[in-house]
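The values are calculated or read from the model by the stated rules, or taken from the named source; none is laboratory data. Model, not experiment: these values are computed from the prediction. Ideal geometry is used to build each Cβ from the backbone, glycine not excepted, and the neighbour counts take in all protein chains shown. All accessible areas refer to the heavy atoms of the entire protein, side chains included, with ligands and DNA or RNA removed. Shrake-Rupley method; radii C 1.70, N 1.55, O 1.52, S 1.80 Å.
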Amino acid sequence: NQSAIDNIMSRTSIRKFQDRTVENEKVTMILKAAMAAPSAVNKQPWQFVVVDDRNLLQQIASALPYAHMAATASLAIIVCGDMSKALAGEEETFWIQDVSAASENILLASNALGLAAVWTGVYPMHDRVEVLSRLLRLPRHVIPLNVIPIGYPAVMHAAQNKWKEENIHHNGWM
């Protein structure tokens with residue numbers, strides 16, 4: 001069993017998948033991890049669309065410029081913001097942080113379960129939001145933030161060391 005730090009440090013974006021189905025139990029565990037994410041005022045303004053239909057995965061891969069790997073993934077989870085559950089007024093855009101936290105949990109849970117995943121951005125690109133909303137028949141109050149293709153890895157590579165001390169500031173900008 002990986003420790004939490006080992007899991008975080010070993011997570012990497014994998015774009016090539018085996019032709020192998022991800023078990024339903026693992027998908028459920030990934031979604032439970034997503035919903036365990038923190039959210040502002042505990043609003044949990046998220047919705048998740050799990051796509052495992054091969055034809056629909058192909059359509060997503062064709063429609064989105066950076067999601068071509070969805071065509072060979074076992075599934076994709078489209079992580080969405082639900083504006084009917086979001087905060088109001090100036091605080092409404094906290095949904096982006098909340099849904100991003102859920103997305104990171106999906107990536108970490110996938111890694112912990114021996115699966116590969118990659119975050120492909122949708123929002124705020126209006127054309128990507130529109131095409132995905134149409135493909136998935138999303139209601140108007142649901143905004144897709146990203147598409148996360150998931151599957152068993154066909155290739156493995158080590159995570160990059162992204163540590164940069166110059167990005168750290170103590171007690172202000174110094």
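Computed quantities for the displayed model
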| quantity | calculated |
| --- | --- |
| When residues of the range 49-65 are limited to those that are open to solvent by 30 Å² or more (accessible area, probe 1.4 Å) and under 20 Å from Ala102 (Cβ atoms), the one farthest from the chain's Cα centre (by Cα) | Asp52 |
| Hits in the range 27-48 - residues which are surrounded by 19 or more Cβ atoms within 10 Å (Cβ to Cβ) and assigned to a helix (DSSP H, G or I) | Val27, Ile30, Ala33, Ala34 |
| The listed residue being surrounded by fewer than 21 Cβ atoms within 10 Å (Cβ to Cβ), more than 12 Å from the chain's Cα centre (by Cα), within 19 Å of Arg11 (Cα to Cα) and modelled with pLDDT of 95 or more, out of Gly121, Gly89, Gly114 | Gly114 |
| Where a residue in the range 77-102 is farther than 17 Å from Glu130 by Cα and without any contact (Cβ under 8 Å) to a residue 60 or more places away in the chain and its partner, wherever it lies, is among the β-branched types (Val, Ile, Thr) and open to solvent by 10 Å² or more (accessible area, probe 1.4 Å), with Cβ under 6 Å and at least six apart | none |
| Some residue of the range 102-119 being touching a Phe, Trp or Tyr at 6+ places or on another chain (Cβ under 9 Å), of a type in the set (Ser, Thr, Tyr) and in a helix (DSSP H, G or I) | yes |
| Selected residue (only one of Ile5, Ile96, Ile77, Ile14 is open to solvent by less than 10 Å² (accessible area, probe 1.4 Å) and either farther than 22 Å from Ile143 by Cα or in contact with a Gly (Cβ under 8 Å, 6 or more places away or on another chain) (or both)) | Ile14 |
| The range 47-59 residues that are at pLDDT below 95, paired with ones that are open to solvent by 40 Å² or more (accessible area, probe 1.4 Å) (beta carbon under 7 Å, 6 or more apart) | none |
| Given (1) surrounded by fewer than 18 Cβ atoms within 10 Å (Cβ to Cβ); (2) among the aliphatic types (A, V, I, L, M); (3) more than 17 Å from Ala36 (Cα to Cα), index of the condition Val131 fails | (1) |
| Residues (more than 21 Å from Val155 (Cβ to Cβ) and either of a type in the set (Ser, Thr, Tyr) or in a helix (DSSP H, G or I) (or both)) located in the range 61-82 | Ser62, Ala63 |
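Residue-wise test of (1) under 18 Å from Leu56 (Cα atoms); (2) hydrophobic (A, V, I, L, M, F, W, C).
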| site | (1), (2) |
| --- | --- |
| Glu104 | no, no |
| Gly114 | no, no |
| His126 | no, no |
| Val131 | yes, yes |
| Arg137 | yes, no |
| Val142 | no, yes |
| Pro149 | yes, no |
